[in-house]
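One structure is given here, and the rest of the page talks about it.
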Amino acid sequence: MWEKLNNSSLLFSKSFIKNKDVDHIYSNRVFLNRIYFYYINKGFYNIIINGLVDLLVTNFLVFFLIFLMNCINYHDLFTSEERQNMGNFIHIDHFFSQLNTFFLSILILFFVLDFVKIISLIDDCYVFGNIRKFYGNTLKIKDHEIEYLTWKDVLTIWQEVNNTQINPYYINILITTKESYFIALIDQKIIKPIHLNSIFEWNLIYSIIYSIIDSKESICVDLLEDTKKISNQIKLRFKIISILTMILMPLIIVFIVFYNLFNYGEQFYNKPSMLISKNFSRISRWKLRNYNEPTHKFEERIDKIESLTKLYYNSFKSKLIYASLKFIIFILSSIFTTLVILTIINDNVLINLTIIGGRNVLWFLGLVGSLIAILRTILNTKNDESPQDIMNNLSKFMVIDDDIIANANTRIVKNNFLKNYKLKFQQIILDIMFTLIMPIQLWSISYDSDYITEYLKNITKKHPKIGYICLFSDLEHENSYYFGSLIRSEEKDQLIKKINFSDELLINQYPEVKSVRFNHSADINFI
């Protein structure tokens, strides 16, 4: 959405489709970003349908919450002891009548945002309609073919059609510019969020990254020539968003709580083992992401990392816990089987027989069944593979020192490596908790705007071919690095390893980069 505010073709600028057929492949960053976005979303209809579904989900959730708050007589529903129709407790005529002035104002604001989203969706139809024509008419690639093509294939076809050399290294830099700057801010502790949820992440990117990115997806010249202007802009954005989130906090919290409840409630109910599923936190994913790494390649790599990390985590199950779980599962299964047999003999037992605290057999079957499913998942995830072997495999996808691999079987290494590998349920709770203090965090970060801007200026360099880029994105950096003041010497070594690892992955993917990046065609210059 923030991207729309910067370069919507319908509302602000249509320049992204200009010059798309000229020889200067790298001159139009907006167009390149749209080409890539079209690729990772696998075509025109997927983009539009995803936008439409997002709009419908948001609207349904808002109106369903209003329905739940205003249209149901909960007192009669919870105290009813007779069999009644659900319609007796629903009063649809109260839908809007119970809204106070505050919530009515919020609803009006929501309708305004709804209108903006609809305009944005229309904009997408126009923008990606043109991108679709480019894929179909110029590259001769149909939407159904994108699913089976790699990004490298697309670039190769484009190169052949244009009859000019396209360096994928330069393309990757341009389509990951925003991500590279944000990774640098996280890696070097320029911003230090304790926990990062999606809303906080969006606000940070909008306030910082989109203050230095202009409508052409290029780095603003003001970052180098008028640093104070950029700093003031970052500070202003942080303070405005902080105030807005404070005002809208009741709505945001209700929305987040119910969205997670509705989104994950059914999944947790039907698959209780999801309660103990783990993955890396959002901030850890940013720390694991490499410079110049396109989204689709990062998702492929993080899937492999999480799969191996799960194996590594499961390799530490103790035999005592394993035996205890088998005993507990046996007891619960015995109780579950006995209750099922009773309900088969007399089906009235299911509802009419109470066990503890007035809870009937049906309630206990659901509870015991869920506990058995969770414990069996824990029991069946034991892994006998050596932690050192798993860690060695992990080193192919992320930076891991040799001493960590050698001591991968120790609890110290395990606890340190898995500190950001958290329960999904735990992360949902943290997302909600940290949303409450988000306005304070945003306001606090606003006072660091000078420091942030100065750092961004120092890690920006002008590349002779593609213009201003992040220093850490440059394969031709020749060991020229700039580090934040909070980075210790050992952390600098790790960051250098990460930068080199980013380069190696890119060169392994595009071997031709190593030979062409220094002798690139002179007809492709920065504009």
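The values are calculated or read from the model by the stated rules, or taken from the named source; none is laboratory data. For clarity, every value in this text was computed on a predicted model and none was experimentally measured. Cβ coordinates were reconstructed from backbone atoms using ideal geometry, including for glycine residues, and neighbour counts include every protein chain displayed.
Filtering region 448-473 to residues that are outside any helix (DSSP H, G or I), within 27 Å of the chain's Cα centre (by Cα) and not aliphatic (A, V, I, L, M) leaves D448, T460, Y468, C470.
List the helices (runs of 4 or more DSSP H) that sit entirely inside region 78-197 and contain at least 1 residues that are more than 20 Å from R34 (Cα to Cα) and β-branched (V, I, T).
On the way: elements: 101-133, 143-146, 151-162, 168-175, 177-187.
Output list reads 101-133, 177-187.
For region 124-136, state whether one or more residues are touching a residue at least 24 places away in the same chain (Cβ under 8 Å), of a type in the set (D, E) and surrounded by 11 or more Cβ atoms within 10 Å (Cβ to Cβ). For region 124-136, residues touching a residue at least 24 places away in the same chain (Cβ under 8 Å), of a type in the set (D, E) and surrounded by 11 or more Cβ atoms within 10 Å (Cβ to Cβ): present.
The set of residues in region 406-423 that are within 20 Å of D303 (Cα to Cα) and in contact (Cβ under 8 Å) with a residue 12 or more places away in the chain comprises K414, F417, L418, N420, Y421, K422, L423.
Determine whether D402 is surrounded by 13 or more Cβ atoms within 10 Å (Cβ to Cβ) and modelled with pLDDT of 80 or more. Walk me through it before giving the result.
Numbers: surrounded by 13 or more Cβ atoms within 10 Å (Cβ to Cβ): no; modelled with pLDDT of 80 or more: yes.
No: the conditions fail for D402.
Scanning region 177-192 finds one or more residues that are crowded, with 21+ Cβ neighbours inside 10 Å, under 16 Å from Y26 (Cα atoms) and not assigned by TED's automatic domain parsing to the domain that holds G43.
On the basis of being without any contact (Cβ under 8 Å) to a residue 40 or more places away in the chain, of a type outside the set (D, E) and assigned by TED's automatic domain parsing to the domain that holds V53, does K142 make the cut? The answer is yes for K142. Restricting region 361-399 to residues that are loosely packed, with under 14 Cβ neighbours inside 10 Å and farther than 24 Å from L332 by Cβ leaves a set whose member that is modelled with the lowest pLDDT is D384. Among the conditions (1) of a type in the set (V, I, T); (2) in contact (Cβ under 8 Å) with a residue 60 or more places away in the chain; (3) out of contact with any Leu (no Cβ under 9 Å at 6 or more places or on another chain), the only one that T156 does not satisfy is (2). Kindly evaluate F37 against the criterion of being assigned to a helix (DSSP H, G or I) and either touching a Cys at 6+ places or on another chain (Cβ under 7 Å) or within 30 Å of N260 (Cβ to Cβ) (or both). Taking the combined requirement at face value, the residue satisfies it. Considering each residue of region 448-456 in turn, at least one proves to be closer than 17 Å to I194 by Cα, in contact (Cβ under 8 Å) with a residue 12 or more places away in the chain and surrounded by 12 or more Cβ atoms within 10 Å (Cβ to Cβ). Could you check how many residues of region 198-221 are buried (at least 18 other Cβ atoms within 10 Å of the Cβ) and either over 22 Å from L32 (Cβ atoms) or of a type in the set (A, V, I, L, M, F, W, C) (or both)? So the answer is 11.
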